[in-house]
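The values are calculated or read from the model by the stated rules, or taken from the named source; none is laboratory data. All figures in this text were calculated on a predicted structure; none of them were measured in a lab. Cβ placement follows ideal geometry from the backbone for every residue including glycine, while neighbour counts extend to all protein chains displayed.
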Amino acid sequence: MLEIKNLHVSVGDKEILKGLTLSIKAGEVHAIMGPNGSGKSTLSYVLAGRAGYDITEGSITYNGEDLVALAPEVRAAKGVFLAMQYPVEIPGVTTMMFLKTALNSQRRARGESDLDAVAVLKLVRAKAKTLNVSEEMLKRALNVGFSGGEKKRLEILQMALFEPKLAVLDETDSGLDIDALKLVAEGVNALRDPSRAMLVITHYQRLLDYIVPDRIHVLARGRIVAEGGKELALELEAKGYEHILKEPA
């Protein structure tokens, strides 16, 4: 589903990704771990199409298409979803209005008819209940005054509503206590599907206790420096990144 080959990405005059290669098949959940500054969030932004991240070399293929050639809104309509580390606050726009507008925008891009307000409300309420997203949250301005856990639960709600084919979760565990982490992980696991691929980006092994990946990749110095199964996360938890970083690039 996703093929990244020899990807080089610069922000301004600084090269962040320096030859990253990664392959994820449909139905798989992969995790990327790595120290601060290794390029994890840069990778997520590039996949989503954020401006200011310049690809100087390499390629990204998504379902047989050149992902780089697609505008961010087209990527979203084709099933690429990014759960951000720091979700954006939008004062003046209620959470329910945002969800209705985004959902119908994606439906129109796929040639499907809009859902009316009643149908959207019914759909949102059904999915929100499992993630402990309250009616009060749905009425509030998007992410304004939300706790870290509320913001992350809302992003998983969006993921459940939009049903993406490729979900990129950028440090979904950031700022979560253990109860919120478990709830978010349950929401993610409920969306595992043979037709959906997920890329989970995290600093810590604890998230991977709840979202068990098929493959773990360690990103450092702008490229993948180690790969393995779930046991690799336990090794990193015990030894840290230093034993990998001091090896020759």
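Among the residues in the range 148-157, are any touching a residue at least 60 places away in the same chain (Cβ under 8 Å), of a type outside the set (Val, Ile, Thr) and either part of a strand (DSSP E or B) or in contact with a Cys (Cβ under 6 Å, 6 or more places away or on another chain) (or both)? Scanning the range 148-157 turns up no residue that is touching a residue at least 60 places away in the same chain (Cβ under 8 Å), of a type outside the set (Val, Ile, Thr) and either part of a strand (DSSP E or B) or in contact with a Cys (Cβ under 6 Å, 6 or more places away or on another chain) (or both).
Candidates are the residues of the range 214-231 that are in contact (Cβ under 8 Å) with a residue 60 or more places away in the chain and not in a loop (DSSP other than H, G, I, E, B); the one that is nearest to Gly58 (Cα to Cα) is Arg223. Scanning the range 182-213 for residues that are part of a loop (DSSP other than H, G, I, E, B), at pLDDT below 90 and of a type in the set (Ser, Thr, Tyr) yields a single hit, Tyr204.
Among the residues of the range 47-66, the ones that are in contact (Cβ under 8 Å) with a residue 24 or more places away in the chain and either acidic (Asp, Glu) or surrounded by 13 or more Cβ atoms within 10 Å (Cβ to Cβ) (or both) come to 13 in all.
For the residues Arg192, Arg196, Arg221, the requirement of being basic (Lys, Arg), closer than 29 Å to Lys5 by Cβ and crowded, with 20+ Cβ neighbours inside 10 Å singles out Arg196.
In the range 22-46, the qualifying residues are those that are touching a residue at least 60 places away in the same chain (Cβ under 8 Å) and in a strand (DSSP E or B), and the one that is surrounded by the most Cβ atoms within 10 Å (Cβ to Cβ) is Met33.
Scanning the range 77-98 for residues that are without any contact (Cβ under 8 Å) to a residue 60 or more places away in the chain, crowded, with 16+ Cβ neighbours inside 10 Å and either farther than 15 Å from Leu138 by Cβ or of a type in the set (Gly, Ala, Ser) (or both) gives a single hit, Ala77. Gly229 meets all of the listed conditions (1) buried (at least 21 other Cβ atoms within 10 Å of the Cβ); (2) modelled with pLDDT of 85 or more; (3) of a type outside the set (D, E, K, R) but one, namely (1).
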